[in-house]
Amino acid sequence: MKNFYKTCGAIWVLFALYLAHGQPLKLHVPSPDWRDQVIYFVMTDRFFDGDATNNDQGAGEFKAGDRGKFNGGDLRGLTQKLDYVKGLGATAVWITPPVANQWFEPSINYTGYHGYWAEHFKKVDAHLGTLDDYKRLSDGLHTRGMVLVQDIVVNHTGNFFEYKGGWDRRDPTKFYTPNVGTRAVTKPSQSPFDLNDPRDPAQRAAGIYHWTNSVANYANRNEVLNHQMSSLDDLNTENPVVRRALRDSFGYWIKEVGVDAFRIDTAFYVPHDYFVDFLHSKDSAAPGIERVAHATGRKNFLSFGEGFAIDKPYSDKGAKEIDAYLRDAKGRRILPSMINFPLYGSLGDVFARGQPSAVLAHRIQNMMKRHANPHVMPSFIDNHDVDRFMTYGSEAGLKQALAAMFTLPGIPTLYYGTEQGFKETRAAMFAAGWGSGGRDHFDTDAPLYKTIAELAQLRRTYNVLSRGTPKILHSNAARAGGLVYAMNDAKRSMVVAFNTAEHEILVDGLARGLTGNARLESRHGSAPEIKLSAKGSAAFLMPARTTWVWEVMPSTKNMQKPAAQKAPISLITSLKNTYFEDFELRGNSLLREELNLVIDGDVSTATPVAVDASGRFSANVSTLEMSDANITHRASVWARSGAVSPPVAFRVRRPWRVLADVADAVGDDQGMNKDVTYPTDAGYATRQMDLRNVRVSANGGALKIALTMPSISTQWNPANGFDHVAFTVFMELPNTPGGATVMPLQNGSLPSGMRWHRRLRAHGWSNALFTHEGASDSNEGAPFAPGAAIAVEKQTNTVTFTVPAAALGKRASLSGAKIYVTTWDYDNGYRKLETTAQSYSMGGPASAPLVMDDSAVIELK
């Protein structure tokens, strides 16, 4: 009888909606082919305000225009803008968790506007609207042929208790501190998550939570699985009661609203086997998510996890960790999909930071080898947890990164505002919201909006780009430059080419894999038509920052196999493997025209090569800019008529020379005026911002800046190998006009007598280089590539930045250059300075520069 009344109630709701809208809502639709989807990711509170009456719930949590408070975006607002989203080419909308949240956390003066501090997993947060509003969003998507992705959290609730002053694993009541100041509720209102006080024996015995303090070391697997993440109350996901409640909670949204997919937050922080139960449980009262979805007609419900694992170039440690959640050691499926964080890292490295294009080539090859089904792994350029691409890269680089994302396996995922060139991570799209500049941002004529729409159309037209298999045809191991890959399936082959450099390049050949004598016909980027050789190769020039896409069209003529011919240009390849200085390259030419020596594809620095009467030639190879002994360089000799020699490879090992070694005082990490204090969180107890030594070395025109600290923190498992500190390095270049004295975003100016031409800013998850052009108090300057490489030596507590010669003007000497280093911390911007230090805010006067410690101004000799 109870189930009968529940069924009647559901029918009544649908009938009421029918009366309100004139027709039943379209809530349940078959699953799409996820390979062909394009996801648009929205932080609902920051997108559009469709109902001002739900903004302020009276808990001190709302203030439009305040970065840390609710701003007013809601489900109605998103529904009103679905045509804008569809016009971009998106086929799915992913929203941040819409569930009822902890609204205000006074201890950190922050709110749950983002949705990740749940207090009730089966209620819509009042700021976002009602269940009816959510159903209308689902209907609006489905009637447009689009689908709905809901962000969910299975690892934790909000911060309703913590352990202050210590933690005793044997006694969870000791140091237990309820968060009585939180609003609007002081504990979750949903059962069993309301059983959160171990001082009550019955609640303690229920074991709904891990009674633990915050993770101190994210490299410790036990802490990751069982401790709180930044004081968020960690659910005991091994407990069958918790598992059933979570299945029931999230299955509810599929049944009631028609959700088509889940993005699972912090998937790494629960055990692998949790997801087997979550997705496939046969519990009739609370079945697994895929069973619920199947019952609503969704035969291919997609659940994709978040695993924040960004790999350094040529590493796949994070990729292996991600793959461990996709399948177990025996290859059996665990989760259908995980977000492709390693690809995200390589896209930024290559298209923003100017790393060699081979870095991305390696990542493409690795993801195809490592993962069983990379085609359904969401790929992205930026999101709500990382810096926007445009804070460290150029618009030209962003367009290329987007083109790569749309032409590689994976589900392209766009973070709202990227199409409008946003730089602030969580800025609002609507005028009243934070970071909006006082205007709405729904311009369908914006250049990036048009670029994305064009790329989405290209992907729809040629589904080999979403379903095919990539093959690398060309890459540059030494620097920014050419990257060429084919996307192949049984019916079609497309070729995608990038020049990631800021200068013209030579692609001196393509690896075997294309049809001989075929034509490459342009499909994107006004690419020139290219005729392939009998071996399926070609050499061609590409202008700076060019992206070309071709379709491979086999020749319709019966071609006779050409007679073997001697190469018009050849190099004597008996080279040493490694050189320690400049060297001579020799060869032969059948051509009677001037040749050019091209190193690493860089046509802008090509040097003329004279050919003698017998066809012999020699050329000097300058190694001045070749400071990395691990890089394989490539030399070709090229004629303007189009002929090019087969390339030869070599390495260079030049010595580094120490130019400065300067100690910094111990314990002077108190601000420039000795009036700033550290945040109060225990993670800062080792005073990681106390600069101890600066050692600067040079190799030709490259710089190596080694910073020694009292300790290296990796508490949050940072991609760059250090956290709880951000370094800003200002560089004044010798004999260079201009420069700036302002310290952007740091509320200060450089010490007297110094100006900067290059500025490096790096913390655990970002690494950005800027020039002084356009720099101001609020503008970091112009993003510049190539950026620095980062190395961390934990044994000596040293972080080393290697800045390549190409980033410093390709000069023979750095004598007279000046270096100035500051420390602070960073989280989507330099951390706040409050009158009194808080958990993650420094304390000090409002006028103080955002500098915890700084070096002397170091002049290089």
Helix runs (DSSP H) in the chain reaching 24 Å along axis by Cα, Kyte-Doolittle at least -1.0: 2-21, 240-257
Residue by residue through the stretch 665-672, what is 3J(HN,Hα) from phi via Karplus (6.51 cos²θ - 1.76 cosθ + 1.60, θ = phi - 60°)? Round to whole Hz and write x for glycine and proline. 4, 7, x, 9, 7, 9, x, 5
Which value, in nm² and rounded to one decimal, describes the direction-averaged projected area of the C-alpha convex hull of the stretch 163-298? 9.3
Quick check on the stretch 40-166: of the DSSP beta bridges with both residues there, what percent are antiparallel, nearest 5%? 40
Averaging 1/r across every pair of distinct alpha carbons in the chain and inverting yields a Kirkwood hydrodynamic radius, in angstrom, of 29.2
What is the ratio of the Cα radius of gyration of the stretch 75-131 to 2.2 N^0.38 Å, with N the residue count, to two decimals? 1.34
Mean ellipticity per residue at 222 nm, deg cm²/dmol - from DSSP H runs of n ≥ 4 across the chain, formula -39500 (n - 2.57): -5500 deg cm²/dmol
Need the C-alpha centroid separation for the stretch 401-421 versus the stretch 95-112, integer Å. 28
DSSP beta bridge pairing in the chain, given as percent antiparallel to the nearest 5: 80
Here the relative contact order (percent) of the chain, from C-alpha pairs under 8 Å and at least 6 apart, is 9
Which residue, chosen from 227, 726, 571, occupies the Cα position most advanced towards the positive end of the dipole of the chain, where the dipole is computed from +1 (Lys, Arg) and -1 (Asp, Glu) charges on Cβ about the Cα centre? 571
Determine, for each peptide in 822-832, 151-161, the mean count of other beta carbons within 10 angstrom over its residues, then list the peptides with the highest first. 151-161, 822-832
Short version: ³J(HN,Hα) in whole Hz for each residue of the stretch 690-703, in order, from phi by Karplus 6.51 cos²θ - 1.76 cosθ + 1.60 (θ = phi - 60°), x for Gly and Pro, what are they? 7, 5, 10, 7, 10, 10, 10, 10, 10, 9, x, x, 9, 10
Size of electric dipole in the stretch 738-807: Cβ of Lys, Arg +1 and of Asp, Glu -1, about Cα centre, debye, nearest 20: 120
How much accessible area per residue does the chain have, counting only protein heavy atoms and a probe of 1.4 Å, in square angstrom? 39
Going Cα to Cα from residue 399, which lysines come in below 21 Å? Please leave out same-chain ones fewer than 8 positions away. 86, 423, 450
The set of residues whose placed amide H lies less than 5 Å from the amide H of residue 116, leaving out same-chain residues fewer than 5 positions away, is none
Using a simple charge model, +1 on the beta-carbon of Lys and Arg, -1 on the beta-carbon of Asp and Glu, nothing else, what dipole does the stretch 814-860 show about its Cα centre, in debye to the nearest 20? 80
Placing +1 at every Lys and Arg Cβ and -1 at every Asp and Glu Cβ, with all other atoms neutral, what dipole size does the stretch 389-514 have around its Cα centre, in debye to the nearest 20? 560
Whole-Hz ³J(HN,Hα) from phi, Karplus 6.51 cos²θ - 1.76 cosθ + 1.60, for the stretch 631-644, glycine and proline x: 8, 8, 8, 9, 10, 9, 10, 10, 10, 4, 6, x, 5, 8
Selection from 807, 666, 510, by position along the positive dipole direction of the chain (Cβ): 510
Got a number for carbon plus sulfur as a percent of the chain's accessible area, 1.4 Å probe? 50
If the viscosity is 1.306 mPa s and the temperature 10 °C, what Stokes-Einstein diffusion coefficient in µm²/s follows for the stretch 254-399 when Rh is the Kirkwood radius over Cα pairs? 96
Cβ-Cβ FRET estimate between residue 791 and residue 673, R0 fixed at 30 Å, reported to 0.05: 0.40
What residues qualify as long-range amide H neighbours of residue 530, i.e. H under 5 Å apart, gap of 5 or more or another chain, H built at 1.01 Å from N? 520
Could you calculate the contour length gain from residue 170 to residue 444, that is, 0.36 nm times the residue separation minus the distance between their Cα atoms, to one decimal place in nm? 92.7 nm
Would you list which lysines come within 17 Å of residue 164, measuring only between C-alpha atoms, while excluding same-chain residues fewer than 8 positions from it? 174
Reachable lysines from residue 330, criterion Cα separation under 26 angstrom, eight or more residues apart if same chain: 282, 299, 317, 320, 369
Along the charge dipole of the chain, which of 60, 416, 30 sits closest to the positive end, that is, farthest toward it, with unit charges on the beta carbon of Lys, Arg, Asp and Glu (+1, +1, -1, -1)? 30
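The values are calculated or read from the model by the stated rules, or taken from the named source; none is laboratory data. Note that this is a predicted model, so its numbers are computed, not measured. Counting neighbours? That spans all protein chains shown, and the Cβs are built from the backbone with ideal geometry, glycine included. All accessible areas refer to the heavy atoms of the entire protein, side chains included, with ligands and DNA or RNA removed. Shrake-Rupley method; radii C 1.70, N 1.55, O 1.52, S 1.80 Å.
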